[in-house]
Amino acid sequence: MTHLGKALMLTVALGLGACTSADRFGPGAGGAGAGAGGLYGPGAGGDISQSALDPASPAYFQETIGDRVLFLVDQSSLTGEAQATLAQQAQWLQRNPEYTAIIEGHADEQGTREYNLALGERRANAARDYLVSQGVSAGRLRTVSYGKERPIEICSDEACYRQNRRAVTVVASGLTS
Amino acid sequence: MKLIRLLTLALAALTLALPAAAQQGDGPLRIEITEGVIEPLPFAIPTFEAENEAAQEWAQRITQVVADDLTGTGLFRQIPRDAFIENVTEFSPNVQYANWKAINAQALITGAVSVTPDGQLNVKFRLFDVFSERPLGDGLQFGGTTNSWRRIAHKVADAVYSRITGESGYFDSRVVFVSERGPKNDRLKRLAVMDYDGANLQYLTDGADLVLAPRFSPDGERVLYTSYETGFPQIYELNVGTVTRTPLPVPAEAMSFAPRYAPDGRTIIFSLAQGGNTDIYRLRPGAGQPERLTTAPSIETAPSFSPDGSQIVFESDRSGTPQLYVMPASGGEAQRISFGPGRYGTPVWSPRGDLIAFTKQNAGRFHIGVMRTDGSEERLLTASFLDEGPTWAPNGRVLMFTRETAGAAGEPALYSVDISGRNLRRVPTDGAASDPAWSPLLP
């Protein structure tokens, strides 16, 4: 569902969004997860990074602006870095009013299933509230929590956990929920 | 002359004082489960007599299941048949006690099986206290179709267990759980139901949608669970017999999850998350809107009713970390009951009402534990990288839970442990499994 078109990809070294670290996931590392493909397109690893050129494309939103913000352990408050990313997301959403967004909240695997669902919802709402405070209409945003059900990194160390404690803004055109 | 041979000893008084009712018995052959059995009770179970030709195979299979049920508790040890001095070939109230005493069989279980041409199975059994040289209870028989042969065997084992321990049994029961496939970052999850011992597996959903945490109704006929069918977590009620489901009537714009039935089987409590705040609600489908039971800005989730329906135990991080609280069933002031180091979650009230089982996270480890309902006498029963989500056996003496291994190849499996912390064992499932919920004892 988080797959969006990856048209107009060019090899422009713009640097990935603030929260995307080196791609340790790599093609073929543990199956092509349905939810994991969007961020790390084929060939995204190595020395050459690629970004979308068309600033109105969802790919640009995902890769250049950065579609996700990360959280500290057990926290749902936004770091300065997260706020900066969300401010850019908000600008993009205002420039591209035909898009709506679902904000997915996630947790790492440390914690019970139920608590992590609630924590993910808190995180998604923290991101949503920030977008709204930056002028995005609340009617264009929905939130959902996956708790610890959809990790993108699968090791059981902090290196992975920090990538999994996230809120991901998934944009889609049309269809207001 | 009655000889009381408790198998056990010590320990218990220090750890958990249990209700007096559990300690009283009228038979001499007796296991006190709560005292932590050190030495399993040796029993002999000659293959049940086949009363007609057609019953031959059934007799063997049924005897095996009865023996497996008993040994699986960790409280009993089966004496190998090649040690027998005599075999029992006739289902009779008279036995040669000396021959069983000589091989130190403390209990002797005999039985007989017959099958009618139209597939009706009849199983009779007797239980003997060898050292007291007398039957323990009357002979009993169970009937049913050959399709239900496992249930009949479980009922025999339940009767034996019950006569020796003084507790009700739990073998004739089912477990609903989440069957998992695929890598950690792309898990496919399906609801499944099976007998408590892993037999008769049946899938209830097809895996198209993420499903979580099923819970049995008190009559065992329905299951509540959370599904992402709409793209958002919502609670559904599924009829296990017809495998049809209906969504719970809750506001679609909110996330609903962590459902459980009240003892009345109709009222449902669950969590509703909206605007970054998760609270506990109560709903009687068909009788009005969900009623909000907690109002704090913190996370309130994982509610579970006391068996008398008067109270609810739940998890809240209102103190800063997740802890356990008890409140009246209608909401209102909650009392914190967990005070140890670490974080507590997924509390579940024992069907006996005496204990609350929970998940505890402390110093990088997860535990399944039990405490009294006022939070006293906390005891941790397990420890691992990730143990969570306990569910009670219908007799309140055994817990099943999810244990997940660490790392990129980590997978969940179902485990059970008794409330003394003994007899930790993996429950056989077809692949990875999580979120077990035990049914009541079947009728």
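The values are calculated or read from the model by the stated rules, or taken from the named source; none is laboratory data. Source: prediction; values computed, not measured. Note that we place each Cβ from the backbone using ideal geometry, even for glycine, and neighbour counts take in every protein chain shown.
A few notes on this one:
- Residue match in region B:144-159 (condition: hydrophobic (A, V, I, L, M, F, W, C), surrounded by 15 or more Cβ atoms within 10 Å (Cβ to Cβ) and within 30 Å of A:Pro151 (Cα to Cα)): no
- Flag if B:Pro428 is assigned to a loop (DSSP other than H, G, I, E, B) and modelled with pLDDT under 95: no
- Residue list for region B:345-373, filter: farther than 14 Å from B:Glu404 by Cα and basic (Lys, Arg): B:Arg352, B:Lys360, B:Arg372
- Taken together, B:Thr71, B:Thr63 contain a single residue that is crowded, with 20+ Cβ neighbours inside 10 Å, among the hydroxyl-bearing types (Ser, Thr, Tyr) and modelled with pLDDT of 95 or more, which is B:Thr63.
- Whichever residue in region B:238-266 is hydroxyl-bearing (Ser, Thr, Tyr) and in contact (Cβ under 8 Å) with a residue 24 or more places away in the chain and, among such residues, is surrounded by the most Cβ atoms within 10 Å (Cβ to Cβ): B:Ser256
- Some residue of region A:152-174 being part of a helix (DSSP H, G or I), of a type outside the set (A, V, I, L, M, F, W, C), closer than 30 Å to B:Ser179 by Cβ and facing another protein chain (nearest Cβ under 8 Å): no
- Per-region count, region A:67-118, residues in contact (Cβ under 8 Å) with a residue 12 or more places away in the chain, within 12 Å of chain B (Cβ to nearest Cβ) and β-branched (Val, Ile, Thr): 3
- Residue ID - surrounded by the most Cβ atoms within 10 Å (Cβ to Cβ), chosen from residues in region B:95-142 that are of a type in the set (Val, Ile, Thr) and assigned to a strand (DSSP E or B): B:Val113
- Whichever residue in region B:308-352 is small (Gly, Ala, Ser), within 14 Å of chain A (Cβ to nearest Cβ) and in contact (Cβ under 8 Å) with a residue 12 or more places away in the chain and, among such residues, is farthest from B:Leu272 (Cα to Cα): B:Gly342
- Unique match (being surrounded by 14 or more Cβ atoms within 10 Å (Cβ to Cβ), more than 22 Å from B:Val176 (Cβ to Cβ), among the β-branched types (Val, Ile, Thr) and modelled with pLDDT of 95 or more) among B:Ile312, B:Ile269, B:Ile299, B:Ile235: B:Ile299
- Any hit, region B:79-92, residues being at pLDDT 95 or above, of a type in the set (D, E, K, R) and farther than 30 Å from B:Asp374 by Cβ: yes
- Every condition in (1) at pLDDT below 95; (2) closer than 25 Å to B:Arg187 by Cα; (3) touching a helix residue (DSSP H, G or I) at 6+ places or on another chain (Cβ under 8 Å) is met by A:Ala52 except one, and the failing one is (2).
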